[in-house]
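The values are calculated or read from the model by the stated rules, or taken from the named source; none is laboratory data. Here the structure is a predicted model, which is why all the values come from computation and not from measurement. Note: ideal-geometry Cβ built from the backbone for every residue, glycine included; neighbour counts use all protein chains shown.
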Amino acid sequence: MNDAQRAAVEHIDGPTLVLAGAGSGKTRALTHKIAYLVSRGVKPWRILAVTFTNKAAREMATRVQTHLNIPVEGLWIGTFHGICVRIIRREAERWGFKRDFTIYDRDDQLSTIKKAMKEFGIDKERLNPAHALHTIGRAKNEFTSPEDLENKLNGPDAKLKADIYRRYNELLKKAGAFDFDDLLMKPVEKFGRHPDILGEWQRRFDHILVDEYQDTNHTQYLLMKMLCGDYGHVTVVGDDDQSIYSWRGADITNILRFESDFKDAKTVRLEQNYRSTGTILRAANSVVAHNTNRMSKKLWTEIADGDPVEILECGSERDEAERIVSSLKNEMKEYGFSRKDFAILYRTNAQSRAFEDVLRRRGIPYVIVGGLRFYERKEIKDILAYLRLLANPDDEVAFVRAITTPKRKIGDRTIERVSQFVRENGITFIDALNRAGEYASGITATRLKEFSGILKAAAEKGAMSGIDAACEEIVEAIDYKAYLEKEHPENADERFDNVRELITAMNEYENPGEDDGLSAFLAEVSLMSDVDSWEGEVDRVTLMTLHSAKGLEFPSVFIVGVEKGLFPLSRAFDEEGQLEEERRLFYVGITRAEQRLHVSYAASRERYGTYSGGASMFIKEIPGDTCRLIVPEVHPRVSVTERRKPIRRTMEFEDYSQDIPDSDDLSPFSIGSYVSHPKFGRGEVTASSSSGGDVFLTIRFVGGMKKIKSSFVRNAQE
DNA sequence: ACCAGGCTTCTTTTT
DNA sequence: GAAGCCTGGT
């Protein structure tokens, strides 16, 4: 360890802020610190370590163990959400929650909010449910109650939104469900109301460590502060330049004001990078230097310069995929890289498609991380609905899904009647099904009882032979295989394989003991992210979003689709600060690369039925002396056949020709060219950007760097 | 209760 | 452009 790392590790008597640049060994420092604490006599179960993903948690636990060379029992390590689930389970009784609560994912949330809106008679023309959900989620991340939200918004819809928020919460409560944000918010709320219980937890932890602190939201911040109490034995590690989750409530001010928040905080900067070549690091530093809102920090490395960043101009999305796969294959030969050494990173999940096609056609094994998560697949959610209902018979969303999948001739009216019966009698959905005779007649009652029979049989199976047996029972009873073949003949087999995989996962699931197996399994599965199950050791090319790539590193990285409109996304220009966040995301991507970095863009890309493309403004922020532009011999633009294909109507034809972007229209002054200015003299263009229709150039004059409107300078010869 | 076909929404990123 | 949602017909 270097001096700075050592300082961060050994400061254990007060708050520590570790400002850790990309690749500066922060995970290493954190792991060492935990080990150090244990070696100094701190009991492992009195240490709480918060990581950003479950995978990181697992890795850290393993590394601490290897480091100490003894088993470390009882360490509290996990994501904020995971830790909160544990806390809620333990305090369920005293806080008035049921232990077998359900965790609602986005789909479940959406159907709940739609129900709430329907009750208020608001149609979705007036208020988009997704937007309402966003507002509520945001509020919960900022620890804002419906009442506070109403005051805060004070627009025409303030009352309406607050009402929906309130009702939405009631519906969750009735269903015995928490959404992701509740997992964080409820503990903070309850701790605030029960100082005695909070005291117990404060005394429980001697030291708290938080990784990726720049991406914590206000509610997480409050929780952390509460648990620290007055002792302030806390270590936070983060990098303001890598804050990329503001859209999900991450509050960068948490890290910016740590020093004023915690008295006598010791700040340690880790600025030596052990990951990337000098050139890549220089490119990264220059790019992020375009941001104004940041703490001062300058990364350096002892690693040699290495190869220039390759900037690849491509014709179309397809062309981009082809070229990149070719250059990837080429690099395997030339540098001796294997498949697992490569990552293809993109801004949006939809971009994976073209690469998938090409990789598959050329027979190169790959893995896509993200996009549709395993547990979000329809077939998995269908089966899980039954299990959720068993674990928590108040879960309305699960009830509706289970009873309608597969179709069993029970319609909306009947479902509404069951719900009403549940409400009126304060009973569970399962109880209501068993008493079907009291509100439904004849054939309908028989059908309802049939459904409840399936659940009962599964519950008995589960009690006897485990959750996987219960699951199997359900799949058989509803003849899910037949259902898949009928509904999805094109990929029924694949889907059924997923169901089998689910059963296997249940079979392998080891119940940590204190919890009921089924609800513990369901909770874990809900909090699982896609990187969690990504195995970097398998020899495959990895494809993922830039967001998912945070914290990872690869010998060779391709950042693709660095185009106008796509990265930065055009909507980043709408809101203050969003552009800088996109730039940080680019910075995160660049700093994933150890040896080779490639950045590519297409001159024209079909998106959303229309066309966009051309080099992103970010391309010009990569200094000329760190990169090499690779333009295809035959300028690709768009070939004739490609132009024809999407055209159906004459109208579109006319529009289309105008849509072809000029890939180098940002400025007549290219990076690296020389210009002269009447006052500052001759200088080299190092970057250009545009805002408000004007093009600004960053120019290196003899006297220093200046940012100047392009109309004030003229071309100069070298 | 279910289906077909038209219409709108969508792609930002995720625990 | 595709997927999902809604509507009106059966």
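Selection within the stretch A:380-422: residues that are farther than 19 Å from A:Y104 by Cβ and away from DNA strand B (no atom under 13 Å from the Cβ). The member of this set that is modelled with the highest pLDDT is A:F421.
Across the stretch A:432-445, the qualifying residues are those that are part of a helix (DSSP H, G or I) and in contact with a helix residue (DSSP H, G or I) (Cβ under 8 Å, 6 or more places away or on another chain), and the one among them that is farthest from DNA strand C (Cβ to nearest atom) is A:N434.
The combined condition, being of a type in the set (A, V, I, L, M, F, W, C) and more than 16 Å from DNA strand B (Cβ to nearest atom), is not fulfilled by A:V369.
Across the stretch A:98-113, a minimum of one residue is classified as free of Cβ contacts under 8 Å to residues at least 60 places away in the same chain, surrounded by 15 or more Cβ atoms within 10 Å (Cβ to Cβ) and away from DNA strand B (no atom under 11 Å from the Cβ).
Quick check on A:R294: is it part of a helix (DSSP H, G or I) and surrounded by fewer than 22 Cβ atoms within 10 Å (Cβ to Cβ)? Spelling it out, it is not the case that A:R294 is part of a helix (DSSP H, G or I) and surrounded by fewer than 22 Cβ atoms within 10 Å (Cβ to Cβ).
Being touching a residue at least 60 places away in the same chain (Cβ under 8 Å), touching a Gly at 6+ places or on another chain (Cβ under 8 Å), buried (at least 18 other Cβ atoms within 10 Å of the Cβ) and assigned to a helix (DSSP H, G or I) is true for just one of A:L585, A:L518. Which residue is that? When all the criteria are applied, what remains is A:L518. Looking only at residues in the stretch A:521-576 that are away from DNA strand B (no atom under 15 Å from the Cβ) and assigned to a strand (DSSP E or B), the one that is farthest from A:T610 (Cα to Cα) is A:P555. Which of the residues spanning the stretch A:588-605 are out of contact with any Gly (no Cβ under 9 Å at 6 or more places or on another chain) and surrounded by fewer than 21 Cβ atoms within 10 Å (Cβ to Cβ)? Once the filter is applied, which keeps residues that are out of contact with any Gly (no Cβ under 9 Å at 6 or more places or on another chain) and surrounded by fewer than 21 Cβ atoms within 10 Å (Cβ to Cβ), the stretch A:588-605 yields nothing. Which one is farthest from A:L372 (Cα to Cα), of the residues in the stretch A:103-115 that are within 14 Å of DNA strand C (Cβ to nearest atom) and of a type in the set (A, V, I, L, M)? Once the filter is applied, the top-ranked residue is A:I113.
Here the stretch A:157-206 is the region considered, the condition is being more than 30 Å from A:G74 (Cα to Cα), crowded, with 21+ Cβ neighbours inside 10 Å and in contact (Cβ under 8 Å) with a residue 60 or more places away in the chain, and the residue that is farthest from the chain's Cα centre (by Cα) is A:A175. Kindly provide the set of residues from the stretch A:147-156 that are surrounded by 18 or more Cβ atoms within 10 Å (Cβ to Cβ) and either in contact with a Pro (Cβ under 6 Å, 6 or more places away or on another chain) or not aliphatic (A, V, I, L, M) (or both), ordered by number. Once the filter is applied, which keeps residues that are surrounded by 18 or more Cβ atoms within 10 Å (Cβ to Cβ) and either in contact with a Pro (Cβ under 6 Å, 6 or more places away or on another chain) or not aliphatic (A, V, I, L, M) (or both), the stretch A:147-156 yields only A:E150. For A:E494, the stated conditions hold: it is closer than 30 Å to A:K329 by Cα, within 16 Å of DNA strand C (Cβ to nearest atom) and not in a strand (DSSP E or B).
Would you please name the residue that is farthest from A:R500 (Cα to Cα), looking only at residues in the stretch A:449-484 that are crowded, with 19+ Cβ neighbours inside 10 Å and among the charged types (D, E, K, R)? Only one residue fits best here, namely A:K461.
Each residue in the stretch A:239-279 was checked for being away from DNA strand B (no atom under 16 Å from the Cβ) and in a strand (DSSP E or B), and 7 of them qualify. Of all the listed residues (A:K449, A:K456, A:K481), the sole one being among the charged types (D, E, K, R), under 20 Å from A:L522 (Cα atoms), out of contact with any Lys or Arg (no Cβ under 8 Å at 6 or more places or on another chain) and free of Cβ contacts under 8 Å to residues at least 60 places away in the same chain is A:K456.
Per the listing A:K33, A:K43, A:K55, A:K26, the residue uniquely buried (at least 17 other Cβ atoms within 10 Å of the Cβ) and over 23 Å from the mean Cα position of the chain (by Cα) is A:K33.
Can A:R413 be described as surrounded by fewer than 23 Cβ atoms within 10 Å (Cβ to Cβ), closer than 29 Å to A:K486 by Cα, of a type outside the set (G, A, S) and away from DNA strand C (no atom under 16 Å from the Cβ)? Criteria not met by A:R413.
In the set A:E200, A:E189, A:E212, which member is of a type in the set (D, E) and at positive phi? Please lay out each step first, then the result.
Details: A:E200 fails: at positive phi; A:E189 fails: at positive phi.
One residue alone meets the criteria, A:E212.
For the stretch A:114-146, taking the residues that are away from DNA strand B (no atom under 16 Å from the Cβ) and at pLDDT 90 or above, the one that is nearest to the chain's Cα centre (by Cα) is identified as A:T144. Just one of the listed residues (A:E119, A:E73, A:E93) is on the phi < 0 side of the Ramachandran plot and within 16 Å of DNA strand C (Cβ to nearest atom), namely A:E119. Annotation for the stretch A:620-639: at least one member residue is within 16 Å of DNA strand C (Cβ to nearest atom) and either surrounded by 12 or more Cβ atoms within 10 Å (Cβ to Cβ) or at pLDDT below 50 (or both). For A:Y386, the conditions (1) of a type in the set (S, T, Y); (2) over 30 Å from A:Y483 (Cβ atoms); (3) buried (at least 23 other Cβ atoms within 10 Å of the Cβ) are fulfilled apart from (2). If you check A:I443, A:I383, A:I427 for being in contact (Cβ under 8 Å) with a residue 12 or more places away in the chain and aliphatic (A, V, I, L, M), only one passes: A:I383. Taking residues in the stretch A:529-546 that are in contact (Cβ under 8 Å) with a residue 12 or more places away in the chain, and partners anywhere that are of a type in the set (D, E, K, R) and within 16 Å of DNA strand C (Cβ to nearest atom), the pairs with Cβ atoms closer than 8 Å and at least 6 places apart or on different chains are A:S529/A:R373; A:D530/A:R373; A:L543/A:E356.
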